[in-house]
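Comments concern the structure below.
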Amino acid sequence: MDFSTKLNNFVAQTEQALDKLLPPADTRPARIHEAMRYSLQAGGKRLRPALVLAAAELFPGNNQSDPLPAAVAIECVHTYSLIHDDLPCMDNDDLRRGRPTCHKQFDEATALLAGDALLTYAFEILSCNYPADLSLGLVRELATAAGSRELIGGQMEDLLAEKCTTVTADQLNFIHHKKTAAMIEAALAMGGWIGQGRPSAEPLNRLHTFGRHLGLAFQIVDDILDATADSATLGKTAGKDAKANKATFVKLYGIDGARDRAQKHTEAALLELVKLPGDTTFLRQLVDAMLKRKN
Ligand code: GRG
């Protein structure tokens, strides 16, 4: 199967599972469930779910649990972070995934609650759909990546950096590692836990290292696209980083310097990939597609 067919299959499976696992939109109170579905079902690349599914496939034949609930859970956490990031108290954005942001479509209180509800629901999904020991491992991976030392910590430093006149390489690496790469690492590691059915340090560490480089390359490309692409192509407001004085790779290294760094992290990701078991063809093609992406 070629790369785009496989990716489209992963996306289609994720969308079906999202629809099945989320409370129906008319569940009382309907407004919160409509808002959760509005943001979650607005499209998006579904990168993190695809990584869960692809990493699980590296370990065939182990009487695996279904990786789809975990793929949905991480997409719920990712979508919560986007909803909260768009709020007026954070990035104050009007456009996300090509639609009005959740607080524009509903209101701030509903958007805040929809984000909270998606975050909490992710852990309900993990606890209801896996045997206890696997569920515990998955909860640990996702909770760590989403917590104050990773995703939330990265977001905090990102907001703090807006107030600095200059940004250091250390700040930038911390922000992008924590805010972006941590969730990409978690997606791969969750796939690894499911694929193996138990923890095994070596492949999990390799999946984390691979994910860190992929995540950093992904974020650098995001910085470049924010500076060079238009809002219609991106499905979110373009040019916001410079306006908000964000700490970005483009700000610190310029477009060419940022491109070099994206290339370096891509190469490092590919080097790590060859150490992983199973057929890594899809992941190799995904790394390449992420470097060349247009949105
Ligand atoms: C509010 C706790 C909290 C965190 C917010 C997600 C986030 C952290 C900020 C959004 C801005 C940003 C540049 C985040 C870095 C991660 C990133 C590139 C998110 C967008 O991910 P995509 O491109 O989005 O995979 P889609 O919509 O395709 O899923």
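Values as computed for the structure displayed
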| quantity | calculated |
| --- | --- |
| GluC sites (Glu not before Pro) restricted to the range 132-211 and DSSP loop, no more than 14 other C-beta within 10 Å | 162 |
| Length released on extending from residue 168 to residue 233, taking residue separation times 0.36 nm less the Cα-Cα span | 20.4 nm |
| Solvent-accessible area per residue for the chain (1.4 angstrom probe, square angstrom) | 45 |
| Long pairs among 20/292; 179/240; 246/294; 240/294; 179/294; 20/104, criterion Cα-Cα beyond 23 Å | 20/292; 20/104 |
| Helical contribution to [θ] at 222 nm, DSSP H n ≥ 4, -39,500 (n - 2.57), averaged over the chain, rounded to 500 | -22500 deg cm²/dmol |
| Rg(Cα)/(2.2 N^0.38 Å) for the range 181-295, N = residue count | 1.16 |
| Rounded percent of accessible protein surface that carbon and sulfur make up, the range 241-286, 1.4 Å probe | 53 |
| Integer Hz, Karplus 6.51/-1.76/1.60 couplings in order for the range 120-135, x for Gly and Pro | 5, 5, 4, 6, 5, 4, 5, 6, 8, 10, 9, x, 3, 6, 5, 4 |
| Loop sites in the range 125-178: trypsin sites (Lys or Arg not before Pro), DSSP, at most 14 other Cβ within 10 Å | 149, 163 |
| Reduced Cα scattering model of the range 159-223, Debye log10 I(q)/I(0), q = 0.12, 0.15 Å⁻¹ | -0.37, -0.53 |
| In Hz, Karplus ³J(HN,Hα) per residue of the range 4-15 (6.51, -1.76, 1.60; θ = phi - 60°; x = Gly, Pro) | 5, 4, 5, 4, 4, 4, 4, 5, 4, 4, 5, 4 |
| Simple spin-label estimate for residue 12 and residue 94 in nanometres, 7 Å along Cα-Cβ | 3.7 |
| Burial ranking of peptide ranges 168-175, 92-99 (average Cβ count within 10 Å, highest at the top) | 92-99, 168-175 |
| Prolate/oblate/rounded label for the range 113-238 (Cα gyration tensor, a/c 1.5) | prolate |
| Label-to-label distance, nm, for residues given as residue 109 and residue 26 (7 Å Cα→Cβ offset) | 2.6 |
| Mean separation of Cα contacts under 8 Å (6+ apart) over length of the range 174-239, as relative contact order % | 34 |
| The range 108-187 - percent of accessible surface contributed by carbon and sulfur, probe 1.4 Å | 60 |
| Alpha-carbon spread of the chain, three principal axes, descending order, Å | 53, 50, 34 |
| Size of charge dipole - the range 106-210 - debye, nearest 20, with Cβ of Lys, Arg +1 and Asp, Glu -1, no other charges | 340 |
| C-alpha center-to-center spacing [the range 151-170, the range 68-134] in angstrom | 22 |
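The values are calculated or read from the model by the stated rules, or taken from the named source; none is laboratory data. Please read all numbers here as calculations on a predicted model, not as lab measurements. Neighbour counts run over all protein chains shown; Cβ positions are idealised from the backbone, glycine included. Accessible surface areas use protein heavy atoms only, side chains included; no ligands, DNA or RNA. Shrake-Rupley method; radii C 1.70, N 1.55, O 1.52, S 1.80 Å.
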